[in-house]
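Scroll down for the structure; my scribbles are underneath it.
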Amino acid sequence: MGLIYAVLFAGLYITVSEGCIDGWVQHNDMCYFLSHDKATWYEALAVCSSVFGTLAEPSSADLQNFLVSQIPKNSSFPHQHFKYWIGISDVFKETHWMFISTQQLVSKTFWYPGEPNNNIATGLDNTDEDCVLFNWDGKGSWNDFSCTSRYLFICQKEDADVNVIG
Ligand SMILES: [Ca+2]
Ligand SMILES: [Ca+2]
């Protein structure tokens, strides 16, 4: 936790804390959390929303590279790498990839070659692929995947928390 200060506003004391809480990493004015547990994309979005954040939205090469730099090595299976849900989906309209928090179309993408393919040939279920997995190749690339599959996930939230204390 970084700087905390209190201000009197409209007769109320308000605390403002800046910086990221333990377990989150800071980049620019945002904090990011890489989960240790797996969840469906929908569950992951709910978890991130429950702490007033959302799933991570790599909207620039800078942020994409930062998130890649934060992925831990898989010590149990050195030849494998961790993959994470991020906040991009085409669940609203097929092939229209949007940031989930703003429903803005994604302009800068980092798809693995051949993706997104909306592949339904996995045999796991009959759903198409509407959610984005980050780090498909161990270098951060994206792959659209079935939203009900269970993977790790990355949350993001702003680095300032505002609370009314009375
Ligand atoms: Ca799709
Ligand atoms: Ca795919």
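Observations
- The slack in the chain from residue 50 to residue 139, taken as 0.36 nm per residue of separation less the alpha-carbon distance, amounts to 29.1 nm.
- Centroid-to-centroid separation of the range 138-166 and the range 34-103 [C-alpha atoms, Å]: 5
- The three principal axes of the Cα atoms in the range 27-157 give end-to-end lengths of 37, 36, 27 Å, sorted in falling order.
- Length-normalised contact order for the chain - Cα pairs under 8 Å, 6+ apart - percent: 34
- Annotation note: chymotrypsin sites (Phe, Trp or Tyr not before Pro) in the range 81-166 located in DSSP loop regions with a Cβ neighbour count of at most 14 within 10 Å are 92.
The numbers here are math on the coordinates, done by the rules we state, and not lab data. None of the values given here were measured: they were computed from a predicted structure. Because the Cβ atoms are built from the backbone with ideal geometry, glycine has one as well, and the counts that use them run over all protein chains shown.
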